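Asks: Dropping a structure here in structure tokens format, bear with me for questions.
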Amino acid sequence: MSSFRPLHDRVLVKRVEEESKTKGGIIIPDTAQEKPQEGEIVAVGSGVRGDDGKVMALDVRPGDKVLFGKWSGTEVKINGDDLLIMKESDILGVVA
């Protein structure tokens, strides 16, 4: 992913693939599955510029597992991977 660097307070997220089967073994077709709201941070921007002109670094780092809103981000395809670009404020939290 080194070919793309988000700007400012944006992050690049790769969705975590969810299981396509239920616990009972029923296979769920792709068209019926909801897109996961969990992902891994791939790249982060340099930060947001405060009123004083200083750049404040983001709280998330590449490799962090995060939760985000269902309609968050913009879907993009980079190097054949389906990814999301979103603002850090769209992230609900980091999964420990």
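Asks: Quick check on my filter: what residues within the range 36-66 are at pLDDT below 90 and closer than 14 Å to L84 by Cα?
Replies: P36, Q37
Asks: Could you please find all residues in the range 61-96 being surrounded by fewer than 17 Cβ atoms within 10 Å (Cβ to Cβ) and more than 18 Å from F4 (Cα to Cα)?
Replies: Matches in the range 61-96: K65, L67, G69, K70, W71, S89, L92, G93, V94, V95, A96.
Asks: Looking at the range 38-60 only, could you name the residues that are assigned to a strand (DSSP E or B), surrounded by fewer than 17 Cβ atoms within 10 Å (Cβ to Cβ) and not hydrophobic (A, V, I, L, M, F, W, C)?
Replies: Answer for the range 38-60, where residues must be assigned to a strand (DSSP E or B), surrounded by fewer than 17 Cβ atoms within 10 Å (Cβ to Cβ) and not hydrophobic (A, V, I, L, M, F, W, C): E38, E40, R49.
Asks: Those residues that are among the hydrophobic types (A, V, I, L, M, F, W, C) and within 10 Å of the chain's Cα centre (by Cα), I need them from the range 55-95; list them, please.
Replies: Selection gives V66, L67, F68, L83, L84, I85, M86, I91.
The values are calculated or read from the model by the stated rules, or taken from the named source; none is laboratory data. In this text the structure is predicted, and so the values were computed from the model without any measurement. Glycine gets a Cβ as well: all are built from the backbone with ideal geometry, and neighbour counts include every protein chain shown.
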